[in-house]
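Here is the structure we will look at, set down as structure tokens.
The values are calculated or read from the model by the stated rules, or taken from the named source; none is laboratory data. Predicted model only: the values in this text are computed from it and were never measured. We place every Cβ from the backbone using ideal geometry, glycine too, and count neighbours over all the protein chains shown. With ligands, DNA and RNA removed, areas are computed over all heavy atoms of the protein, side chains included. Shrake-Rupley method; radii C 1.70, N 1.55, O 1.52, S 1.80 Å.
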Amino acid sequence: MGSSLHSGGRSYGRTSRRAVLLGGAVVLGTGISTAAVRYAGPARAAAEPPVSGCDRWGARPPSRPVTVHSARPHKVIVHHTDSPNVQDGSQAHAFALARSIQDSHLGRGWIDSGQHFTISRGGHVMEGRHRSLETLLGGAATVESAHTTAQNTVAIGIENEGTYDTAQPPSALYASLVDLCATLCTRYGLRAYQIYGHRDFNDTDCPGDLLYARLPRLRADVAARIGGSAVAPVWPTLTVGATGERVRSLQYLLRQHGSGLLVNGSYGSVTDNAVRAFQDAVKAGVDGVAGQQTWNQLVAPLATGGSGEAVRAVQSQLAARGAGLRVDGAFGPATRSAVASFQAGASLPADGVVDARTWGALVT
Ligand SMILES: [Zn+2]
């Protein structure tokens, strides 16, 4: 997880109705769930890893019921625990690890383990926060978590045991990480490029230089399993003096997140200050430069029915490309059609949904 950059999660909700399921190691994809597998590509049930639920590893109850949001997550974020690279690959060690992380997080005043899932160096996969496994099996909801500031309602967090600044992750851990990510993507309808590292969002070294450097291969290995693209979005680096439509997009997105700055396409001191305030709020590195962390924190998927300043950013980009679109902040059929045309021209799936890759293509 790295440092103390994790926001706590509020939690309310009901008790698990899958207590029986959570009582043992659950082999995903064995007919337990009828969850729709929306993503095109075969569900490879045989490769879904056994996941030990909270009851199995001896979790304490959460201090308050966890919150479950009735929407799918739109990304997966990889962490390391920043703990010693132990040699013990046993299940007993893995379960003790899960208990010690939970104790630590409860000790911070959090309601439960911060992350959704934990993988030991021996490759054992465990549920972290209560109800994470149940909601994964359902494929339609997200447990609010505490692993990445400003992403805890929309991102699944995986803690990988160890410290990977100068050491490579063990093969058993990596194999389980691929299996778990493929399962998450299949059941939640995510694509492999939606797998990120913690440092893509917050000012942290997590998940270590070497595990972070492994992420392109992780995306490729997951894409080989489930199909689709493994290429992550690329973002422009904007700073004082920049002008044009990309700056307008940045300004619209800052307004979407509560800034009162005007959209004028000119990156001056007002924009610099607004970027710094946003970076501080989301615990990105505060430097006034709109780069990867800032864009990753600013954008969220947009689709028909959406509204607001972020929709204006998309419409203004498309209008600047000649789409003949009104910049009214309402994502209707005309906007959807213009997005799909843009996607087709950019060799992206023309589904009319502005996902992270489409955002990247629009502003780069
Ligand atoms: Zn982390």
Residue check, Arg255 against (1) surrounded by fewer than 22 Cβ atoms within 10 Å (Cβ to Cβ); (2) of a type in the set (D, E, K, R); (3) not assigned by TED's automatic domain parsing to the domain that holds Ala300, all met but one. Which one? (3)
Would you mind finding the one in Asp209, Asp203 that is under 29 Å from Asn273 (Cα atoms) and among the acidic types (Asp, Glu)? Asp203
Restricting to segment 153-170, and then to whatever is among the acidic types (Asp, Glu) and closer than 22 Å to Lys283 by Cα, can you tell me which residue is least open to solvent (accessible area, probe 1.4 Å)? Glu159
Set Thr186, Thr163: member being over 19 Å from Arg56 (Cα atoms), in contact with an Asp or Glu (Cβ under 6 Å, 6 or more places away or on another chain) and of a type outside the set (A, V, I, L, M): Thr163
Just give me the residues in segment 42-73 being in a loop (DSSP other than H, G, I, E, B), open to solvent by less than 40 Å² (accessible area, probe 1.4 Å) and at pLDDT below 95, in sequence order. Glu48, Pro49
Can you find even one residue in segment 310-333 that is within 19 Å of Ala232 (Cα to Cα), among the basic types (Lys, Arg), part of a helix (DSSP H, G or I) and modelled with pLDDT of 95 or more? no
Given Phe117, Phe95, which one is within 16 Å of the ligand (Cβ to nearest atom) and either at pLDDT below 95 or among the aromatic types (Phe, Trp, Tyr) (or both)? Phe117
Go over the candidates Gly189, Gly208 one by one and state the one that is on the phi > 0 side of the Ramachandran plot, more than 12 Å from the ligand (Cβ to nearest atom) and either touching a residue at least 12 places away in the same chain (Cβ under 8 Å) or open to solvent by less than 10 Å² (accessible area, probe 1.4 Å) (or both). Gly189
Lone qualifier among Leu184, Leu173, Leu218, Leu136 - being under 30 Å from Asp287 (Cβ atoms) and open to solvent by less than 10 Å² (accessible area, probe 1.4 Å): Leu218
Against the definition (within 21 Å of Ala356 (Cα to Cα), modelled with pLDDT of 95 or more and open to solvent by 10 Å² or more (accessible area, probe 1.4 Å)), how does Ala150 come out, yes or no? yes
Of the conditions (1) closer than 15 Å to Val354 by Cβ; (2) touching a helix residue (DSSP H, G or I) at 6+ places or on another chain (Cβ under 7 Å), the single one that Pro301 does not satisfy is (2)
How many residues, within segment 328-362, are without any contact (Cβ under 8 Å) to a residue 40 or more places away in the chain and buried (at least 21 other Cβ atoms within 10 Å of the Cβ)? 7
Are there any pairs with C-beta distances below 7 angstrom linking a residue in segment 93-106 that is in the same structural domain as Arg60 (by TED's automatic domain parsing) to a residue that is in a helix (DSSP H, G or I) and surrounded by 15 or more Cβ atoms within 10 Å (Cβ to Cβ), with the two at least 6 apart or on different chains, and if so which? Phe95/Trp57; Ala98/Trp57; Arg99/Trp57
Failed item in (1) modelled with pLDDT of 95 or more; (2) open to solvent by 30 Å² or more (accessible area, probe 1.4 Å); (3) in contact with a Gly (Cβ under 6 Å, 6 or more places away or on another chain), with Val234 passing the rest: (1)
